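A.B. asks: Could you have a look at this structure, given as structure tokens, before my questions?
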């Protein structure tokens, strides 16, 4: 097969593959229409900061208990650089290039460290996972701090937001 034919095949196949991926992402978003939009900004009354802002990566959000069911609606499945801030009012993921996400403290169900979530797996327990209710849908949101050892410290610091303080 000549190089021209091989080049032409690549030029035809690659756009088709991208179109199929886009189509699948749109279908997933349509199936996840029951997930409510999260708040994009924290309230004016936040209380004293529970921790200094922590830089890291917002990995993704998945339906609670299903680590591979990435939630793509409202930008919740978009991996991005982020800064995590926490107050008694809740958690705020200030994201680069994606919508920010505010998780009210009343919606936090659990905070723990894990080895992975859809889109990111780490060596050891380096991923902070927050389980929360988004309009009645339970979600797990993964955040990877720049230093993986900080995940356990973050989880311990954020435990007061969990009802009963239990992970």
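Any read-out appearing in this document is the output of simple, stated calculations on the displayed coordinates, not a laboratory observation. Just so it is clear, the model here is predicted, and its values are computed rather than measured. Methodologically, a virtual Cβ is constructed for each residue, glycine included, from the backbone with ideal geometry; neighbour enumeration extends over all protein chains shown.
A.B. asks: At R0 = 25 Å, how high is the FRET efficiency between residue 34 and residue 14 if r is their beta carbon distance? Nearest 0.05 is fine. Before the final figure, lay out each step's value.
C.D. replies: Values: r = 34 Å, r/R0 = 1.35.
Approximately 0.15, to the nearest 0.05.
A.B. asks: Quick one: work out Rg over Rh on the C-alpha atoms of the range 5-92, Rh as Kirkwood radius. Before the final figure, lay out the partial values.
C.D. replies: Values: Rg = 18.7 Å, Rh = 16.1 Å.
Result: Rg/Rh = 1.16.
A.B. asks: Distance in nm between label sites at residue 115 and residue 137, each 7 Å beyond Cα in the beta-carbon direction?
C.D. replies: Calculated label separation equals 2.8 nm.
A.B. asks: Hey, another quick one. Going 7 Å from the Cα of residue 157 toward and past its Cβ, which residues in the range 58-85 have a backbone nitrogen under 12 Å from where you end up?
C.D. replies: Taking a point 7 Å out along Cα→Cβ of residue 157, the residues of the range 58-85 whose backbone N falls under 12 Å are 84-85.
A.B. asks: In percent, how large is the relative contact order of the chain, given Cα pairs closer than 8 Å and 6 or more residues apart?
C.D. replies: RCO, the chain: 22 percent.
A.B. asks: Label-point separation (nm) for residue 5 and residue 146, each offset 7 Å from Cα along Cα-to-Cβ?
C.D. replies: About 5.3 nm separates the two model spin labels.
A.B. asks: Under a GNM of the chain (C-alpha, springs under 10 Å), which listed residue has the highest mean-square fluctuation: 113, 13, 35?
C.D. replies: Checking each option, the largest mean-square fluctuation is seen for 13.
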